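I have placed the structure first, in the form of structure tokens, so that the comments after it can refer back to it.
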Amino acid sequence: MAVAAAQAVTETAGCAAQARWPNDIVIEGRKVGGVLVETEVNARRAGACLLSSQITGAVLSLGLNVNLDLCALPEEVRASATTLRQVTREDHSLEALAASVLARLEQIWPQVAGRGPGISELWRKWDALLGAEVVVEADRGRMRGRAGGVDDSGALLLEVRGEVHRFVAGEIRAVRAPDNAAA
């Protein structure tokens with residue numbers, strides 16, 4: 001969904017949007033939207049032990065800051081967020097944007113569902129973190145390293161002193177652009 005939204009924003013609003021793991025849509029490093037996923041899981045247990053689990057349903061939701069003035073956002077997020085209006089200095093059709101998101105999602109769904117080139121290849125084209133030095137906060141604590149994209153399950157790959165760590169969940173707490181990024 002984040003990739004579809006980044007594609008749709010780029011196509012519809014004419015500004016270069018990217019996906020930032022795990023669920024953000026950004027323009028020039030500032031958050032313009034996010035994805036939420038609610039899942040229904042069928043779990044088999046034997047007493048306190050989890051034997052297996054399977055996702056039986058999911059609901060995806062997307063929030064985008066479109067035709068808002070930056071001052072309409074909460075003060076505590078203004079420095080790290082933006083809106084399409086702020087970036088382009090014009091209003092955008094919500095219907096056209098929604099239609100573009102759905103069209104992009106339908107187009108990439110075979111890759112997401114495992115019936116084509118992997119999600120890692122698709123994500124790489126839209127990845128806001130690729131090659132950046134990041135701090136990831138997850139259940140195992142904080143780790144600093146270089147973002148290496150995602151694997152085909154969507155997990156973040158983080159290189160720390162030559163070793164690759166895989167994160168299926170977590171938050172990015174700090175980002176330093178790659179050394180080869182334009183200033």
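The values are calculated or read from the model by the stated rules, or taken from the named source; none is laboratory data. These numbers come from a predicted model, not from an experiment. Cβ atoms come from the backbone with ideal geometry, glycine included; neighbour counts cover every protein chain shown.
Quick look at the numbers
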read-out: Whichever residue in the stretch 39-74 is charged (D, E, K, R) and at pLDDT below 90 and, among such residues, is farthest from Leu105 (Cα to Cα); value: Arg45
read-out: Condition broken by Val35, with the remaining ones in (1) without any contact (Cβ under 8 Å) to a residue 40 or more places away in the chain; (2) within 12 Å of the chain's Cα centre (by Cα); (3) in a helix (DSSP H, G or I) satisfied; value: (3)
read-out: Members of the stretch 88-101 that are in contact (Cβ under 8 Å) with a residue 40 or more places away in the chain and either farther than 15 Å from Asn67 by Cα or within 19 Å of the chain's Cα centre (by Cα) (or both); value: Leu97, Ser100, Val101
read-out: Cβ-Cβ under 7 Å pairs, at least 6 apart or on other chains, the stretch 1-25 side on the phi > 0 side of the Ramachandran plot, far side assigned to a helix (DSSP H, G or I) and not hydrophobic (A, V, I, L, M, F, W, C); value: Gly14/Thr88
read-out: Hey, Trp109 free of Cβ contacts under 8 Å to residues at least 24 places away in the same chain and under 24 Å from Ile27 (Cα atoms) or not; value: yes
read-out: Residue list for the stretch 133-152, restricted to those being surrounded by fewer than 16 Cβ atoms within 10 Å (Cβ to Cβ) and basic (Lys, Arg); value: Arg140, Arg142, Arg144
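Rundown of residues vs (1) within 21 Å of the chain's Cα centre (by Cα); (2) in contact (Cβ under 8 Å) with a residue 24 or more places away in the chain, yes/no style:
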| residue | (1), (2) |
| --- | --- |
| Thr39 | yes, no |
| Ala43 | no, no |
| Thr56 | no, no |
| Ser61 | yes, yes |
| Ser80 | yes, yes |
| Arg85 | yes, no |
| Arg104 | yes, yes |
| Leu129 | yes, yes |
| Val136 | yes, yes |
